[in-house]
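Engineer: Structure provided below as structure tokens; questions to follow.
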Amino acid sequence: AAFPGGADVVFVATGANFPDALAGGPAGGALGGPILLTGKDSVPAATLAEIVRLGPQRIVILGGSAAVSEAVRSQLVPYASDGVTRWSGADRYATAAAVSAAAFPGGADVVFVATGANFPDALAGGPAGGALGGPILLTGKDSVPAATLAEIVRLGPQRIVILGGSAAVSEAVRAQLQALVP
């Protein structure tokens, strides 16, 4: 319904776990493409039918091959005239950073940070990220992963918004993130 005329880019993420699709939400908003869900080893018929209807030039897989296999990538190749790429990292934190780097190459004025341990806060923040042109990056409760820190520094935001309370993202992490903005 949101893409009645098709889309130049389609994002594909596993439907079995949340982090990669959540990180992709603002990327989809920034680049004008939907996120569709897939199985690890095969593309569901409904997803494939929507990809055909959308007629994308490119497909971006969110996450590593442990989440979305190379078999799925191979299945998708015929449906993207400019090819299938993968935005991923060593873990969910590095994947979120890779998605951010690819979707926001020129930086971002605002960055949204949420726990990587659960999905509600990042899910609630996804539309804000899309509307305000800022990525969602993931953190641990009591420490910020190196990939997240490096991506925040690269983005150079004027503002960092922590999604969720101190039970999800500690005050120590808040202080560490606050030190990264002017």
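The values are calculated or read from the model by the stated rules, or taken from the named source; none is laboratory data. Since this is a predicted model, take the numbers as computed values, not measurements. Neighbour counts are summed over all protein chains in view; Cβ atoms, including those assigned to glycine, are modelled from backbone coordinates with ideal geometry. Ligands, DNA and RNA are stripped out before the accessible areas are found, and what is left, the full protein with its side chains, is counted by its heavy atoms. Shrake-Rupley method; radii C 1.70, N 1.55, O 1.52, S 1.80 Å.
Engineer: Quick check: pseudo-label points 7 Å beyond the Cα along Cα→Cβ at VAL52 and GLU171, how many nm apart are they?
Structural biologist: Once both label points are built, they end up 5.8 nm from each other.
Engineer: Something else: Taking Cα atoms, how many degrees apart are the long axis of helix 92-103 and the longest axis of the chain, rounded to 10 and kept between 0 and 90?
Structural biologist: Its long axis makes an angle of about 70 degrees.
Engineer: Another question, then. How much of the accessible area of the chain, in percent, comes from carbon and sulfur atoms when a 1.4 Å probe is used? Mind showing how you got there, number by number?
Structural biologist: On the way: 4480 of 7880 Å².
After summing per-atom areas, the C and S share lands at 57 percent.
Engineer: Something else now. Accessible area, 1.4 Å probe, largest first: how do LEU31, LEU54 sort? Don't skip to the end; give the middle numbers.
Structural biologist: On the way: LEU31 65, LEU54 10 Å².
From most exposed to least exposed: LEU31, LEU54.
Engineer: At ASN118 and ALA45, where each label point lies 7 Å from the Cα along Cα→Cβ, what is the point-to-point distance in nanometres?
Structural biologist: In this crude label model, ASN118 to ALA45 measures out at 3.7 nm.
Engineer: How tilted is helix 45-54 with respect to the longest principal axis of the chain? Cα atoms for both, answer in degrees (0 to 90, nearest 10).
Structural biologist: 90
Engineer: Can you figure out the FRET efficiency of GLN158 with ALA102, using R₀ = 22 Å and their beta-carbon distance, to the nearest 0.05?
Structural biologist: Using R0 = 22 Å, I get an efficiency of 0.55.
Engineer: Please grab the % of Cα pairs in the chain that end up more than 19 Å from each other. Provide the component values of the computation, followed by the final result.
Structural biologist: Numbers: 8906 of 16471 pairs.
Considering the chain, 54 percent of its Cα-Cα pairs are separated by more than 19 Å.
Engineer: Say the dipole of the stretch 55-182 comes from +1 at the beta carbon of Lys and Arg and -1 at that of Asp and Glu; which of SER65, VAL153, PHE112 then lies farthest toward its positive end?
Structural biologist: Value: SER65.
Engineer: Just the accessible area per residue of the stretch 18-109, please: how many Å² with a 1.4 Å probe? Let's see the in-between values first.
Structural biologist: Values: 3800 Å² over 92 residues.
Per-residue value: 41 Å².
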